[in-house]
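*Asks:* Please read through the structure below; I'll follow up with questions.
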Amino acid sequence: MEREETDIEDAPAEGPATQKEPQRQSPPEVKSDKPTPEATQPTITIQEKPDVNDFSGPPAALRLDSPAENALASNAAEIASPEADAKLSAEEATALADAEARARGYDPARYQRPVADYSTVKKQWSLFYSSRPGETAGDNPQYFNATVDDATRKVEVKP
């Protein structure tokens, strides 16, 4: 087998010839009598080094020892509690719940005094009765709930 020889030009290493882009000329310099302002660097002020307590715990406005707390304490009378919207007081709601509990056979004296909690969403008082430590409630369960509707004064007792 004989090898055929052909005259093939090697491709240039630069790749195929392309048209070169015309070089861009920079705009002509405009001479002005005004001096060029010097570039200024931003001024950085360094504050006191923050304390670790600044990053841990509640924000300063919620801390007990913060000035914001003192301001909140002085304005405590102005802050409306959820109970301000209620028609009944906590004592009235508790008295109604105690009366209904007695009517259902519970003896409120055998239970710890409940804390009346008012819900502005449901417009009702909730009370949780639990038996006193070390005392059995007799035939009654160890705890029960009572709800008092603020508008109608209707009481529900649930074991």
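Read-outs throughout are calculated quantities, based only on the coordinates presented, and are distinct from any laboratory measurement. This one's a predicted model, so the numbers in the text were calculated from it and none came from an experiment. For neighbour counting, all protein chains shown are included, and Cβ atoms are generated from backbone atoms with ideal geometry for every residue, glycine included.
*Asks:* Consider only pairs whose beta carbons are under 6 Å apart and that are at least six residues apart or on different chains; among these, list those whose first residue lies in the stretch 140-159 and is farther than 16 Å from LYS122 by Cα and whose second residue is outside any strand (DSSP E or B) and basic (Lys, Arg).
*Replies:* VAL157/ARG104
*Asks:* Kindly indicate the residue of the stretch 108-126 that is part of a strand (DSSP E or B) and more than 17 Å from ALA84 (Cβ to Cβ) and also farthest from the chain's Cα centre (by Cα) among those meeting that condition.
*Replies:* Top of the filtered list is TYR111.
*Asks:* Can you name the residue in the stretch 127-146 that is surrounded by fewer than 18 Cβ atoms within 10 Å (Cβ to Cβ) and part of a strand (DSSP E or B) and is also nearest to the chain's Cα centre (by Cα) among such residues?
*Replies:* If we take residues in the stretch 127-146 being surrounded by fewer than 18 Cβ atoms within 10 Å (Cβ to Cβ) and part of a strand (DSSP E or B), then PHE128 is nearest to the chain's Cα centre (by Cα).
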